[in-house]
Amino acid sequence: MEQTLEKAPRIEVVDALRGFAVMAIILVHNLEHFIFPVYLAGSPGWLDTLDRGVLNVVFTLFAGKAYAIFALLFGFTFHIQTANRKMQGKDFGYRFLWRLVLLAAFATLNAAFFPAGDVLLLFVLVGFVLFLTRNWGDTALLVASVVLLLQPVEWCRYIAGLVNPAYRLPQLNVGDMYARVAECTEAGNFGAFIRENITLGQKASLLWAVDAGRFVQTAGLFLLGFYMGRKQLFAASETNCRTWVKILIVSAVAFAPLYTLEEAVMQGDAVIRKTVGTAFDMWQKLAFTSVLVSSFVLLYRSPKFVATTSGLRFYGKMSLTNYIAQSVIGAFIYFPVGLGLAPYCGYTVSLIIGICTFLIQVRFCKWWLGRHRQGPLEYIWHKWTWVGAVERRK
């Protein structure tokens with residue numbers, strides 16, 4: 001089989017935005033101690049106040065939003081790959097399925113060092129929706145995305161509760177699984193740590209995603225990113241600029257009432273909190289995510305902003321390498337199998353560690369990409385994606 005490489009040029013703002021998302025993810029993960037909730041005890045009052053402020057600011061800005069950007073750009077990247085193959089008269093779909101198999105291997109590597117926190121396996125499972133919809137029209141993609149982002153499963157659960165007062169939500173016991181994984185992490189046995197993470201940890205992560213509505217949301221974000229790629233919304237043009245301004249205004253206006261409604265809904269009973277509450281939580285976070293994305297894209301039209309955020313572009317080009325590397329680094333810093341610093345790090349110190357890790361990774365990315373076309377894991381993923389194909393460059 002012959003593959004002719006006639007690829008569209010990279011869109012720099014997408015690389016930078018992906019870098020921004022991974023940077024935000026690493027900051028959130030450091031504050032969470034990579035799902036190992038052991039923190040500094042007995043800190044002075046001023047530090048405790050600072051820690052709470054750091055936690056609130058970072059989680060308000062990035063928690064649930066960075067992940068959404070990452071998922072959105074996964075769908076966008078699928079469009080680029082599909083479009084490149086279509087220009088050659090070929091279907092990328094089955095090659096994409098093989099690419100998901102490879103991603104499952106990377107997910108296992110990441111999960112080995114990230115107790116119950118890996119998201120890549122979720123991307124693998126939900127990625128099938130992109131394969132199934134790859135030949136759909138633009139309108140169908142957009143409608144499907146909107147329907148999924150409306151969280152239909154949560155609304156069905158809510159209606160079931162209204163119809164049958166005895167209705168109870170499924171008990172997935174995710175909390176118990178997290179506790180067992182944390183106990184294994186705290187024990188400090190490296191072999192057991194790895195084994196528990198890639199088995200029970202992955203199970204806990206996926207069941208948490210089910211409980212939190214992440215499966216349906218991720219599918220919606222994948223399709224939305226696919227649609228945005230079809231419409232070339234990240235291309236630099238005056239028309240797109242006006243579109244992003246409209247998105248910014250609508251999202252900013254929608255965020256406050258959605259957030260207020262979520263707060264009100266969360267005062268209800270358990271079924272309402274876990275159904276309607278989940279839907280409103282997803283919506284207010286999606287609105288804020290849209291504010292972040294549209295603001296970033298609009299600011300990227302400024303040469304000064306591009307220069308200031310240049311490191312993010314390199315960081316985004318090696319997003320898979322950086323995402324997995326930060327899990328390994330986090331495990332080494334915080335867990336008993338490494339330095340075991342979690343009990344000595346409050347939120348402020350953890351944020352500083354996250355920022356330092358990010359800056360070190362950026363320097364490594366610049367050095368590596370100055371000598372190679374792709375990051376190390378990106379190269380492996382690309383090379384094995386096209387195993388069996390003959391590449392002919394033009």
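The values are calculated or read from the model by the stated rules, or taken from the named source; none is laboratory data. Bear in mind the structure is a predicted one, so any value in this text is a computation, not a measurement. Cβ coordinates were reconstructed from backbone atoms using ideal geometry, including for glycine residues, and neighbour counts include every protein chain displayed. Side chains are part of the model used for accessible areas, which takes the heavy atoms of the whole protein and leaves out ligands, DNA and RNA. Shrake-Rupley method; radii C 1.70, N 1.55, O 1.52, S 1.80 Å.
Can you pull out the residues in region 347-373 that are closer than 23 Å to residue 55 by Cα and aliphatic (A, V, I, L, M)?
Hits for region 347-373 are 349, 351, 352, 353, 355, 359, 360.
For region 320-334, give me each residue that is open to solvent by 20 Å² or more (accessible area, probe 1.4 Å) and under 24 Å from residue 76 (Cα atoms). Give the derivation first.
Quick first cut of region 320-334, residues open to solvent by 20 Å² or more (accessible area, probe 1.4 Å) only: 325, 328-329, 332-333.
Matches in region 320-334: 325 only.
Going by what's in this entry, would residue 30 be described as at negative phi, part of a helix (DSSP H, G or I) and modelled with pLDDT under 95?
Answer is no for this residue.
Restricting attention to region 285-300, and to residues there that are among the aliphatic types (A, V, I, L, M) and under 24 Å from residue 146 (Cα atoms), which single residue is surrounded by the most Cβ atoms within 10 Å (Cβ to Cβ)?
Filtering region 285-300 for residues that are among the aliphatic types (A, V, I, L, M) and under 24 Å from residue 146 (Cα atoms), the one surrounded by the most Cβ atoms within 10 Å (Cβ to Cβ) comes out as 293.
Which of the residues that make up region 11-41 are aromatic (Phe, Trp, Tyr) and either over 14 Å from residue 353 (Cβ atoms) or open to solvent by 40 Å² or more (accessible area, probe 1.4 Å) (or both)?
Within region 11-41, 20, 39 qualify.
Restricting attention to region 121-160, which residues are surrounded by 14 or more Cβ atoms within 10 Å (Cβ to Cβ), within 25 Å of residue 86 (Cβ to Cβ) and small (Gly, Ala, Ser)?
127, 144, 145
Out of (1) open to solvent by 40 Å² or more (accessible area, probe 1.4 Å); (2) more than 26 Å from residue 133 (Cβ to Cβ); (3) not β-branched (Val, Ile, Thr), what's the single condition that is false for residue 200?
(1)
Limited to region 284-329, what total is found for residues that are among the aromatic types (Phe, Trp, Tyr), within 28 Å of residue 108 (Cα to Cα) and over 17 Å from the mean Cα position of the chain (by Cα)?
So the answer is 1.
Does region 301-309 include one or more residues that are open to solvent by less than 30 Å² (accessible area, probe 1.4 Å), out of contact with any strand residue (DSSP E or B) (no Cβ under 6 Å at 6 or more places or on another chain) and part of a helix (DSSP H, G or I)? Spell out how you get there, then give the answer.
At the first step, the residues of region 301-309 found to be open to solvent by less than 30 Å² (accessible area, probe 1.4 Å) are 309.
Imposing the further condition that a residue be out of contact with any strand residue (DSSP E or B) (no Cβ under 6 Å at 6 or more places or on another chain) reduces the set to 309.
Subset that is part of a helix (DSSP H, G or I): none.
No, region 301-309 contains no residue that is open to solvent by less than 30 Å² (accessible area, probe 1.4 Å), out of contact with any strand residue (DSSP E or B) (no Cβ under 6 Å at 6 or more places or on another chain) and part of a helix (DSSP H, G or I).
Of the residues in region 225-243, how many are open to solvent by less than 40 Å² (accessible area, probe 1.4 Å) and part of a helix (DSSP H, G or I)?
Looking only at that region, the number is 6.
Conditions first: (1) over 28 Å from residue 148 (Cβ atoms); (2) touching a Gly at 6+ places or on another chain (Cβ under 7 Å). Residue 282 passes all but one, so which condition is the exception?
(1)
Here are some residues: 93, 137, 175, 89. Which one is among the small types (Gly, Ala, Ser) and in contact (Cβ under 8 Å) with a residue 24 or more places away in the chain? Can you show your working first?
Working: 137 fails: in contact (Cβ under 8 Å) with a residue 24 or more places away in the chain; 175 fails: in contact (Cβ under 8 Å) with a residue 24 or more places away in the chain; 89 fails: in contact (Cβ under 8 Å) with a residue 24 or more places away in the chain.
Selected residue: 93, the only one of 93, 137, 175, 89 that is among the small types (Gly, Ala, Ser) and in contact (Cβ under 8 Å) with a residue 24 or more places away in the chain.
Residue 365 - would you say it is out of contact with any strand residue (DSSP E or B) (no Cβ under 9 Å at 6 or more places or on another chain) and open to solvent by less than 20 Å² (accessible area, probe 1.4 Å)? Walk me through how you get there before you give the answer.
Numbers: out of contact with any strand residue (DSSP E or B) (no Cβ under 9 Å at 6 or more places or on another chain): yes; open to solvent by less than 20 Å² (accessible area, probe 1.4 Å): yes.
The answer is yes for residue 365.
Looking only at region 213-238, filter to residues that are of a type in the set (S, T, N, Q) and modelled with pLDDT of 95 or more; which one of those is farthest from residue 83 (Cα to Cα)?
The selected residue is 217.
For region 85-177, which helices (runs of 4 or more DSSP H) that fit wholly inside it have 1 or more residues that are under 30 Å from residue 33 (Cα atoms)?
Qualifying helices (runs of 4 or more DSSP H): 93-113, 120-126, 138-149, 152-163.
Quick check: anything in region 82-98 touching a Leu at 6+ places or on another chain (Cβ under 7 Å) and among the aliphatic types (A, V, I, L, M)?
No, region 82-98 contains no residue that is touching a Leu at 6+ places or on another chain (Cβ under 7 Å) and among the aliphatic types (A, V, I, L, M).
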